[in-house]
1. Return the only residue of 142, 191, 187, 159 being under 20 Å from the mean Cα position of the chain (by Cα) and buried (at least 16 other Cβ atoms within 10 Å of the Cβ).
2. Which ones in the stretch 109-134 are farther than 17 Å from residue 95 by Cβ and surrounded by 13 or more Cβ atoms within 10 Å (Cβ to Cβ)?
3. Criterion first (more than 21 Å from residue 217 (Cα to Cα), outside any loop (DSSP other than H, G, I, E, B) and assigned by TED's automatic domain parsing to the domain that holds residue 183) does residue 81 satisfy it?
């Protein structure tokens, strides 16, 4: 009886997972197929739902061609990649240095300052958008790459992840390095950072996704197409005469595929990095 009950529970679980998979994959599959349709056929087979809703024999690459020829989508992808990669690199360096200081040194106000770091990644971006814009504007950085990169460098969550991992490293390792005459920066760069590969990958992915999906700040920090990034570009497919749905779906598919390609091979390290940062004081 117990075995039969477990079997029924497994069947119910599989049914639930299939249902959730359908709910998740339905809009993605519809958007993927629609990106290869002509504009006037996008909603032709949506009601009622039939096999033609998800499959079509009249495939066209017009939407993708228009993205890169008419909408300068190559420049948009370059901007997005440049801003994202630059933010990841600078953020990893500065946040890991800050975490090293919190984990290794003792100084006045350390607990208070770390508390501020913890609070910082709990504050929604919308709350600080206006004062942040005012500061960036006074620095003369509006409508530049610096305006898109600098606000994303300091990341409280990344500092927290690194600090928790550094605290778990054995103290004799640090003491032996100091006895051998290693400088603090050498200990950080040659000992601590090489050992923190899982956390580095996890932090990189967190920053990458955050920047890749950023919309509000790039929208208000840039004024011209020269610095437009992907998420902002998606909002420009709606015009006074209508919405270019096939091109919009094509752009959305591109915006989804790239993070997935990056995330899937690294998901094991991502989970390992998060799991290794258990709370420790």
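1. 159
2. Quick first cut of the stretch 109-134, residues farther than 17 Å from residue 95 by Cβ only: 109, 111-112, 124-134.
Across the stretch 109-134, the qualifying residues are 125, 128, 129, 132, 133.
3. Judged against the criteria, residue 81 is not a match.
The values are calculated or read from the model by the stated rules, or taken from the named source; none is laboratory data. Just so we're clear, the structure is a prediction, and the values are computed from it rather than from any experiment. Methodologically, a virtual Cβ is constructed for each residue, glycine included, from the backbone with ideal geometry; neighbour enumeration extends over all protein chains shown.
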